[in-house]
1. Check P173 against each of (1) part of a loop (DSSP other than H, G, I, E, B); (2) out of contact with any His (no Cβ under 8 Å at 6 or more places or on another chain); (3) at pLDDT below 90; (4) of a type outside the set (K, R) and name the one condition it does not meet.
2. Under the condition of being assigned to a loop (DSSP other than H, G, I, E, B) and surrounded by fewer than 19 Cβ atoms within 10 Å (Cβ to Cβ), which residue from the range 8-26 is modelled with the highest pLDDT?
3. Check the range 228-251 and report whether any residue there is crowded, with 17+ Cβ neighbours inside 10 Å, of a type in the set (D, E, K, R) and in contact with an Asp or Glu (Cβ under 8 Å, 6 or more places away or on another chain).
4. Please specify each residue of the range 27-62 satisfying the condition of being more than 19 Å from F99 (Cα to Cα), exposed (fewer than 15 other Cβ atoms within 10 Å of the Cβ) and of a type in the set (V, I, T).
5. So which of L234, L265, L216, L181 is at positive phi and of a type in the set (A, V, I, L, M)?
6. Restricting the search to the range 44-54, which residues are touching a residue at least 12 places away in the same chain (Cβ under 8 Å) and more than 16 Å from W95 (Cα to Cα)?
Amino acid sequence: MIEEQLYEHSGKSPLIGFFIALGLGAFLAILLGFVYNSFIISIPIVYINFFATIGFGTILGYGIKFFSRFGKIRNGKQNIILAGTVGFIGFYFQWIAYFVFLNSGEHSFQAYQDNFNLFYDIGFFIYLIKELNESGSWGMFGIIFTDFPLWIIWGIEALIIIGIPIIISMKHPIVPFSETLNKWYSKYTIKNEFVSISAQNHFKKNLIENTKQTILNLSYGEPFRFSKISIFYLEDEQTQYISIDNVHIEDRGKGKSKRTSVVHLVQVDTKTAKELMDKYVAKKQFIFNY
């Protein structure tokens, strides 16, 4: 069975690691909440603000991914909980930064620190939300939005800031972890661009039966349609892993590419992995690239 040769997380999540990741994520969310709100106040242009909101959620999402790896969390559900919690903290504290601006007339970080006690004054927070809902805090084309339309706008903002980190956590390919050595594997990508894999089930079967020969048999790919091979390698481990993606460069190589997974994290013995890395140029990837 092919599935038996694929890597799966153990589901373990050290409690201290989870809370370290949560603490680091919360710290990032609090800082970004201030930066995001300052940007929104300084440049009140709806289209730019929309992309700023997406950027806020995206930075949080990849930050959480890094903190999760730092905390050695190998549990998908806990990663989703972590992403949702940090996303909510970011959304909540960008409101705190806005309320500080309303109360002090400043959006300096010093004012943000001096009025930090607002974050636990839930009653005052709700009061200010109601006041803003009645008077309006957002407008476009000379129209000030209040009541239900304003709630819709706030809801969309919340979905973006909280939802993007969750989506990144759910959709991002997993990285193998050694339970024996208590370490994450490093990713090495082979420089060569091989032929695009078409008969994928047959290829997967051959890859499992004879990994080295199957890869050696691959010819070079076309300029805009090819496959890329990555090896997840960890010194002193007996088992390594190989992933292969099909890549299609669209618009004649103008920057837009579509990557489709052929197989992700097939087991391979250390000798074979090392031989392939020695034969082909395998470049170690920066941690944010996988």
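1. Exception for P173: condition (2).
2. This residue is P14.
3. The answer is yes; a qualifying residue exists.
4. Those that are more than 19 Å from F99 (Cα to Cα), exposed (fewer than 15 other Cβ atoms within 10 Å of the Cβ) and of a type in the set (V, I, T): I45, V46, I48, I54.
5. L265
6. V46, I54
Okay, residues lined up against (1) in contact with a strand residue (DSSP E or B) (Cβ under 8 Å, 6 or more places away or on another chain); (2) free of Cβ contacts under 8 Å to residues at least 60 places away in the same chain; (3) in a helix (DSSP H, G or I):
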site: L207; (1), (2), (3): yes, yes, yes
site: P223; (1), (2), (3): yes, yes, no
site: K228; (1), (2), (3): yes, yes, no
site: Y241; (1), (2), (3): yes, no, no
site: V266; (1), (2), (3): yes, no, no
site: M277; (1), (2), (3): yes, no, yes
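The values are calculated or read from the model by the stated rules, or taken from the named source; none is laboratory data. Here the structure is a predicted model, which is why all the values come from computation and not from measurement. So basically every Cβ, Gly included, is an ideal-geometry build from the backbone, and we count neighbours across all protein chains shown.
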